[in-house]
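Chemist: Here's a structure for you.
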């Protein structure tokens, strides 16, 4: 085989790893790979990602919407967004494992922490950008403040709000890949513990993680379309 | 009470500090209730010099590379409008793929080491820089372009002397987000043999030596803050006609 084709051979090996079990070189004849194991790890990654995103949403979305509605706390939120970006996920996972412990609950909380800054700051910015005339009109019609947030400001800022949720999901699913370091065995195990799964396993892990992230992003993009009111869709055409 | 797992981890990441001491004279850290070991930090702070320089190199090279590519793509899309959406989608797909996965997708082509890390980190910055550059160019008032046209500027002169200077705030804001994110994500380069501060967090098969993690974390955050403030100052000098915005 010519050297130029070697990368293709690696990808072939990785695909084979995903679909058929093989014997590990290291773990004393233990079987690695195969569709069943790959799906098990993928489900674990989906589970921890979904849990963390849910926790982040519950904490961050109401806060961001409320602060945006009141127009308060901009300085704090800008600082929070910047600090969130500067937080290295590897250090976060390492500290959680060392100081709080390993397992699903500590890892979920750590991942949720990563998701909070983009959701809060995008919700805030989105609500601030809503046309004040629309809010005044709603108030004039006798809507309560809560109704204004839920029925006027949130629908009109859905693109920005969903942008924050998508950023949070990308950060969380990426960091869930290194969760095996803290005892949650996701697809990242194929990548991090290459000594067990071999090079084919490592590449298989990378392929599956990339596909999973793209699939989740596509799902949120679809959800965003569903949540965008027809009136707003007409405007952008 | 000595925690054997912590002791093993400390031996791996923490160097000879713990091997030279018996469990009775261990000052800290291997005792399970201590979070930060000042004695270790004092004796081992010089371990962080080389990784810090490596980290800085990873960040600067990959962001410069990403900026060059994204800026060129933005100029291209500015001229040919039909390219805008496909380029946004393509950079979006690249942005969505987790960096750790991207390292190993590149591995069969580019091999183990720093180059692979730099390519993956650069690719990660494309979306944010491209999007902000397009945003900045889009926000230039039509009247400014009309005035330049009236003064006899060519398309190229309008781009370089009117549109790009007026787009600087958005471009620099994109660069700021890109560089701060890259400082954090570059810690993952350790997995592909790219060096950097990740080596002081993840020591091969262990990561539970909190003192070393805390110091690496502090350096990463300081580095990110320095870039952030530096770019804010640079933006102020580059756009003397307006005050730098906080966002």
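Chemist: Could you sort the peptides B:170-181, B:49-60, B:81-92, A:65-76 by per-residue average Cβ neighbour count (10 Å cutoff), highest mean leading?
Modeler: By packing density, highest mean first, the sequence is B:170-181, B:49-60, A:65-76, B:81-92.
Chemist: What is the P(r) of the stretch B:46-238, as percent of Cα-Cα pairs per 10 Å bin from 0?
Modeler: Pairs per bin, as whole percents: 9, 31, 30, 18, 8, 3, 0.
Chemist: The stretch A:48-232: D in µm²/s via Stokes-Einstein (Kirkwood Rh, Cα pairs, 25 °C, 0.890 mPa s)?
Modeler: 138
Chemist: Over the whole of B:196-202, what's the average partner chain Cβ count within 10 Å per residue? Rounded to a whole number, please.
Modeler: Taking the mean over all residues of the peptide, I get 3.
Chemist: Can I ask one more? From zero up to wherever the largest Cα-Cα distance of the stretch A:138-237 sits, split into 5 Å bins and tell me the percent of pairs in each.
Modeler: Percent of pairs per bin, in order: 2, 12, 15, 14, 13, 10, 9, 8, 7, 5, 3, 1, 1, 0.
Chemist: Which value in nm describes the separation of the simple spin-label points at residue A:230 and residue B:161, placed 7 Å from the Cα toward the beta carbon?
Modeler: So the two model labels end up 5.2 nm from each other.
Chemist: Tell me the relative contact order for the stretch B:46-238 as a rounded percent, counting alpha carbon contacts under 8 Å between residues six or more apart.
Modeler: Relative contact order comes out at 29 percent.
Chemist: Taking each residue in A:169-178, count the Cβ atoms of any other chain within 10 Å of its Cβ, then average. What number comes out?
Modeler: Partner-chain Cβ atoms within 10 Å, mean over residues of A:169-178: 4.
Chemist: Measure nothing fancy, just the Cα-based angle from helix A:104-128's long axis to the longest principal axis of chain A, in degrees from 0 to 90, nearest 10.
Modeler: Helix A:104-128 sits roughly 30 degrees off the main axis of chain A.
Chemist: Relative to the first principal axis of the alpha-carbon coordinates of chain A, what is the inclination of helix A:74-86, with its axis defined by its Cα atoms, in degrees from 0 to 90 and to the nearest 10?
Modeler: Helix A:74-86 and the main axis of chain A meet at about 10 degrees.
Chemist: Rounded to the nearest 10 degrees, what's the angle between the helix A:6-19 long axis and the longest principal axis of chain A, both from Cα atoms, 0 to 90?
Modeler: Computed tilt is about 80 degrees.
Chemist: Hey, another quick one. If you wrap a convex hull around the alpha carbons of the protein assembly as shown, what volume per residue comes out, as a whole number of Å³?
Modeler: Cα convex hull per residue, to the nearest whole number: 183 Å³.
None of the figures in this text is laboratory data; all of them are computed from the coordinates on show. Values in this document were obtained by computation on a predicted structure and should not be read as measured data. Because the Cβ atoms are built from the backbone with ideal geometry, glycine has one as well, and the counts that use them run over all protein chains shown.
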